[in-house]
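Participant: Pasting in a structure now, in structure tokens, and then I'll have a few things to ask.
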Amino acid sequence: QVQLVESGGGLVQDGGSLTLSCAASGHTLSTYTMAWFRQAPGKEREFVGGIRWTGSSPYYTESVKGRFTISRDNAKDTVYLQMNNLKPEDTAVYYCAATFLYGYTEARNYHYWGQGTQVTVSE
């Protein structure tokens, strides 16, 4: 059983930056594909980006390409989401998730979830 805990959310102005972290306990993350999702009020949970267990081949949803970077440190069992040039439409609760699969963007394919961290981007 993997427990995931996100941190690093907060309030930032339009154009600002934040880095989210997702720390694992209970089991090493080194064999999992990790991903970040987000959910804005009244909207469905949306895939943001994912990364293979090796740390290679990150993939992103189109709206964050060039602005967000996902990375991982398997030695620390931690995954990161560096978010630059944030926009008000990025406001959401951000969740990290883990799966044994690779390349999937649907939430139903992810087996473990954190509790989420709020990111608010003001205009």
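Participant: Search region 52-71 for residues being modelled with pLDDT under 95 and closer than 22 Å to S25 by Cβ, and hand back the single one that is surrounded by the fewest Cβ atoms within 10 Å (Cβ to Cβ).
Facilitator: Taking the candidates together, the pick is T54.
Participant: Pairs under 8 Å by beta carbon, first residue touching a residue at least 60 places away in the same chain (Cβ under 8 Å) in region 45-65, partner assigned to a strand (DSSP E or B) and aliphatic (A, V, I, L, M), six or more apart or different chains?
Facilitator: F47/A35
Participant: Give me the residue from region 33-51 that is in contact with a strand residue (DSSP E or B) (Cβ under 6 Å, 6 or more places away or on another chain) and of a type in the set (D, E, K, R) and, out of that set, least open to solvent (accessible area, probe 1.4 Å).
Facilitator: R38
Participant: Answer with yes or no whether T33 is in contact with a Lys or Arg (Cβ under 7 Å, 6 or more places away or on another chain) and among the β-branched types (V, I, T).
Facilitator: Yes.
Participant: Test each condition in (1) of a type outside the set (F, W, Y); (2) exposed (fewer than 15 other Cβ atoms within 10 Å of the Cβ); (3) modelled with pLDDT of 95 or more; (4) outside any loop (DSSP other than H, G, I, E, B) for Q115 and report the one that comes out false.
Facilitator: So Q115 meets the others, but not (4).
Participant: Just to be sure, is Q82 open to solvent by 70 Å² or more (accessible area, probe 1.4 Å) and part of a strand (DSSP E or B)?
Facilitator: No; evaluated as a whole, the condition is false for this residue.
Participant: So which of A97, A24 ends up being outside any loop (DSSP other than H, G, I, E, B), surrounded by 13 or more Cβ atoms within 10 Å (Cβ to Cβ), at pLDDT 95 or above and of a type outside the set (F, W, Y)?
Facilitator: After applying the criteria, what remains is A97.
Participant: Please enumerate the residues belonging to region 6-27 that are under 16 Å from S71 (Cα atoms) and not acidic (D, E).
Facilitator: The answer is S7, G8, S17, L18, T19, L20, S21, C22, A23, A24.
The values are calculated or read from the model by the stated rules, or taken from the named source; none is laboratory data. None of the values given here were measured: they were computed from a predicted structure. Glycine also receives a Cβ, built like all others from the backbone with ideal geometry; neighbour counts cover every protein chain displayed. Heads up: the accessible areas ignore ligands, DNA and RNA and are worked out on the full protein's heavy atoms, side chains in. Shrake-Rupley method; radii C 1.70, N 1.55, O 1.52, S 1.80 Å.
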